[in-house]
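First the structure, in the form of structure tokens, and then the observations on it.
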Amino acid sequence: MLQADLLESITETRYLSADNYPVYRTIMRIFYLEHQKMHYQMDQDTILALLREQAMFAQYAPEQLALDLQQLVKWKDLTPIQDPRKPRTIAEFKNRQFQYMMSQAAIEIERMTITLENLSTRTAGLSVSPFRRIRAALHQAEQLDALSLWEVNDWWQELQEDFRRLRQNHQDFLREFYGPGMEMQMRSVDFIVYKQNLVRYLEEFIQDLQYSAAQIGAQLEKFSQDQVAHILELAWRSELEVPRPQSEQSPQWEAGLRERDRGVWQSLTDWFTGSESAARQVLNVTNEVIRRTVQNAALLVQMENMGVSNKAELRHLLTLFAGFQTVEEGHRLAALVFGTQQARHYAFDHIRETERIDLSPYDEPPMDYLLQPRTRSYKPRMDRTGFANKSAEKAAQRQKILEAERALRQEIMGHIRDGKLDLAALETPVSPAVRTVFLSWVALAGLSPDKRGRTQYGQTYTLQKRGEQTCRLRCTDGVLTMPDCVLLFEEAGYV
């Protein structure tokens, strides 16, 4: 959750958009340039002298400078420091009573403005050196106990900087391919030459990304939770050793520092590990950029070829046409250049008598090909023929089925003795067809409340079980173990 005090307006940035912003920005830029030269403090006379070197500040008054410096002090961009030197004149007492120094927030704001000014000229690149340094830093993480806290802090800061540079560089470089500037460049003809270097550049980056990301991910997954906790503890303790101003030491600054370190390590782990890692997403986006680049280059080449001028060829043909004396000669030239007009081409499968390619179509025998109209309402003509008489075949098939049923019934009835079918006492093995009939009888009676059933031959029977015992029904294809059952048939039905 965002803190409410972090969403308030930033007072230090007001000089960028105030009514008198040209003066305020010039003063702050002078302070920043002198800060780069290690001139951290300046008095009013020095500031005025540097301002008057600019053409627009040639008539700038000291009184106006004093007011502008007071406003910048009010916005917390400048910090006034009492001048320790004793004034010798009244003018020195008025003008040199303070030394001014930029605040830390103002320094960062000026750095940001310089970055924004040079944003259009800065070229982002896909360097693979951060991969190598991160891989080496993770190898060194196993020997942090042998280093001092100052060396651990250097290791931790370099690891964070390499990771930040890696993420920022690939984001800036790939973002350019989705902006309006790249869309216009990809439509220009010059992009064809640029495409070759770009594709080679991206392919080399993809190779290094696949190799390095897999190794770094394996290194991160190798660390146990205890090792990660120990590494973060050393990093946190090393950062506590760095002297900090009292203004940066809030009541919870140590806990916030520890939480930030955990977040950095978790971001590093998420970037290189997992099936949906950021490294995998970068790989997919880079492949998509290569695909779009090649596709656009192919379209540009096609468009360029479509616009090729045939002026020289047309001039030659017109010269030949102008030199003809008869219309027939013009017709022959037109037939040579433009071909036969309104030609209809037919293609169909046909077995040729010879495969000679030098044989003229006029030398081959003619062939017949049936053409059908391409209309939805067309229906081919049906040849009306009579039905074949298959009564004899059907009668033979019916007789065969009846004979098989008769043989099956005779085999089944042969196992019933004195109105009883004892499955455990069968003398001869039964066939699979007979076994299927017996099991269907048992199942039919078992589902009936009174344990009675009727066969397909009209016989009524009763199912009896011999307790929980089982019997072995011998069959021609094996032995079936089943409950010990007996089927009792009525006297009038089984004969």
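The values are calculated or read from the model by the stated rules, or taken from the named source; none is laboratory data. Because the structure is predicted, anything quoted here is derived from the model rather than measured. Because the Cβ atoms are built from the backbone with ideal geometry, glycine has one as well, and the counts that use them run over all protein chains shown.
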Residue in region 379-393 that is modelled with pLDDT of 75 or more, closer than 30 Å to S431 by Cα and of a type in the set (D, E, K, R) present: yes
Of all residues being part of a loop (DSSP other than H, G, I, E, B) and either of a type in the set (G, A, S) or surrounded by 10 or more Cβ atoms within 10 Å (Cβ to Cβ) (or both) in region 328-349, which is nearest to the chain's Cα centre (by Cα)? Just the residue, please. A347
Suppose the filter is surrounded by 12 or more Cβ atoms within 10 Å (Cβ to Cβ), without any contact (Cβ under 8 Å) to a residue 12 or more places away in the chain and on the phi < 0 side of the Ramachandran plot; does S440 pass it? yes
Is it the case, given these coordinates, that D418 is exposed (fewer than 15 other Cβ atoms within 10 Å of the Cβ) and either out of contact with any helix residue (DSSP H, G or I) (no Cβ under 7 Å at 6 or more places or on another chain) or among the acidic types (D, E) (or both)? yes
The condition from (1) assigned by TED's automatic domain parsing to the domain that holds I134; (2) small (G, A, S); (3) at pLDDT 80 or above that G330 misses is numbered (1)
What number goes with the only condition from (1) in a helix (DSSP H, G or I); (2) closer than 23 Å to E490 by Cβ; (3) in contact (Cβ under 8 Å) with a residue 12 or more places away in the chain; (4) in contact with a strand residue (DSSP E or B) (Cβ under 6 Å, 6 or more places away or on another chain) that R466 does not pass? (1)
Give just the number: which of (1) buried (at least 16 other Cβ atoms within 10 Å of the Cβ); (2) touching a residue at least 60 places away in the same chain (Cβ under 8 Å) does E490 not satisfy? (1)
Answer residue from region 397-443, given it is of a type in the set (K, R) and in a helix (DSSP H, G or I) and is nearest to R474 (Cα to Cα) among those: R435
Select from region 26-72 the residues that are surrounded by 17 or more Cβ atoms within 10 Å (Cβ to Cβ), among the charged types (D, E, K, R) and assigned to a helix (DSSP H, G or I) and list them in ascending order. E34, D68
Do any residues in region 26-41 that are over 18 Å from T13 (Cα atoms) and in the same structural domain as D77 (by TED's automatic domain parsing) have Cβ atoms under 9 Å from those of residues that are among the aromatic types (F, W, Y) and not in a helix (DSSP H, G or I), where the two are at least six apart or on different chains, and which pairs are they? E34/Y40; Q41/Y100
Please count how many residues of region 469-487 are without any contact (Cβ under 8 Å) to a residue 40 or more places away in the chain and crowded, with 17+ Cβ neighbours inside 10 Å. 0
